[in-house]
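Novice: Got a structure for you, written out below as structure tokens; questions coming shortly.
A short reminder: the numbers here are calculations on the coordinates, not readings from a lab. Note that the structure is predicted; figures quoted are calculated from it, not measured. Heads up, the Cβs are rebuilt from the backbone with ideal geometry, glycines too, and the neighbour counts pull from every protein chain shown.
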Amino acid sequence: MLMQINHIVPIEHIITLSCILFCIGVMGVLLRRNAIIILMCIELMLNAVNILFATFSAYNGNPDGQIFVFFIMVVAAAEVAVGLALLVLIYRNTRSVDVSLLDRLKW
Amino acid sequence: MEKYFYLVILFPLIGFLVNGLLGSKMKGTTPGLIGTVAVFIPFLIALGVFFNYGHESQPILQNYFPWINIFDFQANFSILIDPLSLQMTLIITGIGSLIHLYSIGYMHDDEGFARFFSYLNLFIFSMLLLVLGSNLLILFIGWEGVGLCSYLLIGFWYKNEDYGYAARKAFVMNRIGDLGLIAGIVLLWSYFKTIEFQAMAIHAANVDMSDPVIIIATLCLFIGAIGKSAQIPLYTWLPDAMAGPTPVSALIHAATMVTAGIYLLVRAHFLFDLAPSVLNLVSYVGIATSIFAAIIALRQNDIKKVLAYSTVSQLGLMFVALGVGAYTTAMFHVTTHAFFKALLFLGAGSVIHALHGEQDIRNMGGLKNEIKSTYWVFLIGTLAICGIFPLSGMFSKDEILTVLFEKSKGLWALSLFSSLLTAVYMFRLLFLTFFGTYRDDEHKKSKIHESPMVMMAPLWVLAILSVFGGILNLPHLIGGESYGKMAHFLDPIFSHSKLATEHMDAGLEIGLMALVVGLVVIIGFVLYNIYVKKESLPKPDMSLRGVEALVANKFGVDELYDTVISKPVLGISRFFGQKVESAFDGISGFFFVAGFKSIGNSLRKIQNGNVEFYLILMTGSIVVLMILQFLIKI
Amino acid sequence: MLIGLILFPLIFSLMIFILPKNLTKYATIFYSVFSLSWMGMVVKNISSWTNPFFTENYVFSSNLPSSLLLVLDGISLIPILLTQLLIALILWMLLANQKEDKSTYSLIALMHFGLNGVFLCADALGFYIFWEVTLIPIYFICAIWGEGKRMPITLKFFLYTFIGSLCMLVSFLYLYQIQPEGGNFSIANIFNVDMSATARFLVALGIFIGLAVKIPIFGFHNWQADTYTSAPFYGSMLLAGIMLKMGLYGMYRWLSPVFAGPLCCDLQWYIIILCIIGVVYGAIIAITQTDLKRILAFSSFSHVGLIAAGIMTFSHSGWQGGLLQMFVHGLNIVGLFYIVNLIEQKYGSRDLNKLGGIATQNKWLAIYGMILVLGTTALPLTNGFPGEFLLLKSMFEYQFLTALFAGTTIIWCAVYMLRLYQKVFFGEESKLVLSGDSSLSSIEHFILIIFVLGVLVLGIFPQLILGLSESTVLNYLTQK
């Protein structure tokens, strides 16, 4: 059982931080064309969620959230590995990492 | 003897199966012999039963198995042996076996010899079911069965498209009547809860006169009879039916099948007695058909067509008799007509056989010296149908006229007119065929030969029957104590009938008889003068004008039906098949094809392949969904 | 017992893929004989003819509102018998044709599975699932082995039936949903609900549309002629012989209970009118068609209209006649399709104008054809008559003039059937016929003789079929 932490930072602040990070991630994914940046922005979004998990876990005194954080980090690492591998393939085919070139997914 | 009566039905069926399945492997005339025997044995059995059958005997009901047996409908496969069915059985098997015998000679070199006899046997089987059936549904089996055989035999030479058309016409026209018959059967079932003749007769005794259901039901039965017995407006198939081999015309389209309608009315007389208005209609249709057909017969040049129209006309006369309730008289005329019309047709067949297929009387003439035997039998037949004393036709026709004279002077006059027309076209036929000089080329003349014995023997038997057939039912006046044998025999059937006839004044009867015979003889002499002395010939069809052309063209009824019924139906069929179906296609196409296509066309623009766009769409939709959920929650 | 009827086809349809190719033939023969004899055993085990004969319930999970409830009574027995018989015959025909394609046999067995399920299942959801299962194999059969413009035609067929059955599903779901707590999809419960007259009407309409597309009834029939024409012969046989019986059977089992209460409008009457329009409309179209298969399609359309109308009168003779006619129509139309197939195989065409004179060339084919044609035209002492008579009787008792209109079918039928016969078998031999192969192999004889015997035996003893369903129908109608 974890000890109850003395809360110096109010929870609203942490939520706001997480939201800002998440939105930055979303915007990055939507607006940037460089695939590497997009991948990084996805990581950013994941980390925003991680912060939330950790915070709530700490505030509620329930360790489940922190376990999830580890899960997510593992999955994110795997995802980056796969994603970068895909990127390498895309780069080999198109000589570019610009996602707007990938428009063959249509009818 | 009665116990084995089922053999009467079974033998023709066996004959049909044997000839139909094995006939093609048999040699020579074997199929013909099998066919003939299969009809002759039933004749002997029926004859035995007939002699056992006294006036006091009860009708015998033989029940074989339940055919259709459900909660609200039962019909057994059963036969009823009573004077009426016995008389019809004797006619069918008796004349049937004669015609079978004749056919052995007539069809001997046809490649479908075995097939012909199997069809004929099937016909006899169906016809026997028709007359022996103890309920309306068994009658209906026979009714449609004879229709089928008629179809098969008219189209016997199936390579000829025209014959096939005539066959189909006969079948379809009969079917129109059959629909009426089915409707009648159902109505009678729902009214009486039985369709057994005996049970219905008992129930009918308690039914009010002119009950509406009975009127409609009898009307329906009468429509059935119209189809089968070739009355106006469904008569046009019978003349076309002459496309079949001549023995078929004799057996089916003169002696037996076409009288099925009369049999039906006689069998159901206890119902018709309750519907006087329908009976009136029966006699009006009968007399109209009789005169109409007789007039057409005046201008026909095909020997079989003349006889065909004559049959239609005679059937009409029988219906007139039925219409005034003279059932025995009608049955008497059915019998004598079967004798002399079968004789005439077979005689005509003998002529055609002699001339190697020639049927046009304009190409005949003077045949009485070439084929004497045929001439004599044909003469007997002609005299019988015209009603010359003392041949059989005279007695039956006279009886009809006498009854009509009593019931209605108008009908009497018209019937008299019709029977005088009979004399006109029959004498014309006789004189043009057998008298004068041969009108085709000499080369053909040398080939004319008399028919073989196997054909002539049945002809002579029929000739004898035509001469003495009157004995069956002599009027009181002539027969003395042994008068009205047939009426006496059939009496148990009609004892309930409220319209039974009495005897009339002897002087008047002699007068009427003498009048008819006298007029016929006069007509005979006049026509002899025209066709033999002056040797005037029927004009070629092209040169006819006005009424004559109309008559020669059968009043254009065939063409009328063609324009009023056949063509519109075909037109509607094409309209439905092409226009309406493609309209349906269009509607379903609109929903399934055009609708989906246009939706797909507009939606596929979203699928532009740009990953960024997909991402934006995805995020946007998530946001929209979240907002929606937020709104809906509140 | 009954589960065997469903399981064996499924097992066979999967197993045939594993079997080596040279065993396909023997496996198929074994399968057809086995399913027939299994059916024979089921019938033999019927101890009492009061219904239902057998009930079997297989519960997958007590949480599900639905279970595999199989019921065999007089009404399902007749289509079940027909299915076993026709599937076996169709398999034999394929064997006679030397067709070696495994997937065909597998799809037909899958079809067999679905059909048996439809006719046996007394659970609305199960019924619906089996109903849709039958659509899969027939879709592939028509789409792969069809001819002409098979893809759009098959798609049309699929969309029609699928949209129709969705309407039916909606009705079933509604019926389930309005039940009190603890309700399920079994036939006993699903119709045992209180509804307003409007709701009842809409439910009946939904179920009717689902069935009407399959039967098909006038207005829903547009897919039929095209599909029958473009499908391979066994596809047409499955469609005309058995699949449309599903719709008719559905009218007995799933539509009629809805009419137990009052409806807000006289749907019964409208359905009968539609059926009868179809009877005459189909028959009239058939008169001028020149493709043999199209004639048979419209003839079938016309005949089933009469059956559906007879069922909708809810009278004893209508129901009994309908059941008999279902069996008979299945037999006759499959027999005729087989003859058409033989003609097409031997003479290379099924166009009326190119054929003629086959009677001279091939006497036996003409005889078999004549008997089947007569059976279809409902000549007494052939199997077509008793059923048609009972149906017409029920119509006449329902409404005389309508029945007279419907009754003209016996005239039209004679017109187009005899025209067909005349053009194909009679007349002078056409060029194609002269150059064609005019022999019949012994297995072809054997199959055709079965059909011919069916026509004659059932014509003389219709009681063989009528007796099977008599007590069930009587019960059903007296309960209502």
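Novice: With just the Cα atoms defining each centre, how far is the stretch C:225-249 from the stretch B:563-634? Give it in Å.
Specialist: 27
Novice: For C:L70, which sequence-distant residues (separation of 5 or more, or a different chain) have an amide H within less than 5 Å of its own amide H, given hydrogens modelled in the peptide plane?
Specialist: Those lying under 5 Å, H to H, from C:L70 are C:E56, C:N57, C:Y58, C:A122.
Novice: Additional query: In whole Hz, with x marking every Gly and Pro, tabulate ³J(HN,Hα) for the stretch C:181-193 from phi via Karplus 6.51 cos²θ - 1.76 cosθ + 1.60, θ = phi - 60°.
Specialist: 3, x, x, 8, 8, 5, 4, 5, 8, 5, 9, 8, 10
Novice: What do you get for GluC sites (Glu not before Pro) in the stretch C:95-187 restricted to DSSP loop and a cutoff of at most 15 other Cβ within 10 Å of the site's Cβ?
Specialist: Hits after loop and neighbour filter: C:E100, C:E147, C:E181.
Novice: Tell me, B:V564, C:V415 in order of fewest to most beta-carbon neighbours within 10 Å?
Specialist: B:V564, C:V415
Novice: By Kyte-Doolittle mean hydropathy of at least 0.5 and Cα axial length of at least 24 Å, which whole DSSP H helices of chain C are selected?
Specialist: C:2-18, C:24-44, C:74-96, C:102-120, C:150-177, C:197-214, C:267-288, C:292-312, C:442-460, C:463-479
Novice: Compute the normalised compactness of the protein assembly as shown: alpha-carbon radius of gyration over 2.2 N^0.38 Å, N being the residue count.
Specialist: It is 1.19.
Novice: Could you give the C-alpha radius of gyration of the stretch B:322-552 expressed as a fraction of 2.2 N^0.38 Å, taking N as the number of residues it contains? Show your work: numbers first, answer last.
Specialist: Values: Rg = 19.6 Å, N = 231, 2.2 N^0.38 = 17.4 Å.
The value comes to 1.13.
Novice: Separate question: Could you work out how far helix B:611-633 tilts from the main Cα principal axis of chain B, as a 0 to 90 degree angle to the nearest 10?
Specialist: That helix lies at roughly 90 degrees to the long axis.
Novice: Here's a follow-up. Let me have the relative contact order for the stretch C:1-97, percent, based on Cα pairs under 8 Å that are six or more residues apart. Can you show the working numbers first?
Specialist: On the way: 67 pairs, mean separation 28.8, N = 97.
This gives 30 percent for the stretch C:1-97.
Novice: So, one more: Please give the calculated 222 nm ellipticity per residue for chain C, where each DSSP H segment of at least 4 residues contributes -39500 (n - 2.57) and the sum is spread over every residue; nearest 500 deg cm²/dmol?
Specialist: Computed mean residue ellipticity for chain C: -23500 deg cm²/dmol.
Novice: I'd like to know how the stretch B:86-152 sits against the 2.2 N^0.38 Å rule of thumb: what's its Cα Rg over that expected value?
Specialist: 1.18
Novice: Rounded to whole Å and ordered largest first, report the semi-axes of the equivalent ellipsoid of the stretch A:12-99 derived from its Cα gyration tensor (root of 5λ).
Specialist: For the stretch A:12-99, the ellipsoid semi-axes come out as 30, 16, 4 Å.
Novice: Could you tell me which GluC sites (Glu not before Pro) in the stretch C:406-480 are loop residues by DSSP with no more than 16 other beta carbons within 10 angstrom of their beta carbon?
Specialist: C:E428
Novice: Once the Cα atoms of helix A:64-94 and of chain A are each reduced to a long axis, what angle between those two axes, in degrees from 0 to 90 to the nearest 10, is obtained?
Specialist: Its long axis makes an angle of about 10 degrees.
Novice: Cα centroids of the stretch B:411-460 and the stretch C:27-53: how far apart, whole angstrom?
Specialist: Computed from Cα coordinates, the inter-centre distance equals 67 Å.
Novice: A further question follows. Once every Cα of the stretch C:61-200 carries one equal point scatterer and solvent is ignored, give the base-10 log of I(q)/I(0) from the Debye formula at q = 0.11 Å⁻¹, two decimals.
Specialist: -0.53
Novice: From the phi angles alone, apply the Karplus equation (6.51, -1.76, 1.60; θ = phi - 60°) to the stretch B:86-97 and give each ³J(HN,Hα) in whole Hz, x where the residue is Gly or Pro.
Specialist: With coefficients 6.51, -1.76 and 1.60, one gets 5, 5, 5, 4, 5, 4, 5, 6, x, 5, x, 5 Hz.
Novice: Also, I was wondering about something else. Which order do the peptides B:177-187, A:91-101 come out in when sorted by mean C-beta neighbours inside 10 angstrom, highest first?
Specialist: Highest-to-lowest ranking by the protection proxy: B:177-187, A:91-101.
Novice: From the helices alone, meaning DSSP H stretches of at least four residues, give me the mean residue ellipticity at 222 nm for chain B, per-run term -39500 (n - 2.57), in deg cm²/dmol to the nearest 500.
Specialist: -22000 deg cm²/dmol
Novice: Counting only residues 5 or more places away or on other chains, whose amide H sits under 5 Å from the amide H of B:F77 once H atoms are built in the peptide plane?
Specialist: Amide H neighbours of B:F77, under 5 Å, 5+ apart: B:Y64, B:F65, B:W67.
Novice: Compute the distance from the alpha-carbon center of the stretch B:205-261 to that of the stretch A:33-84, in whole Å.
Specialist: 96
Novice: Next up: For helix B:453-468, report the angle its Cα long axis makes with the longest principal axis of the Cα atoms of chain B; keep it between 0 and 90° and round to the nearest 10°.
Specialist: Value to nearest ten degrees: 70.
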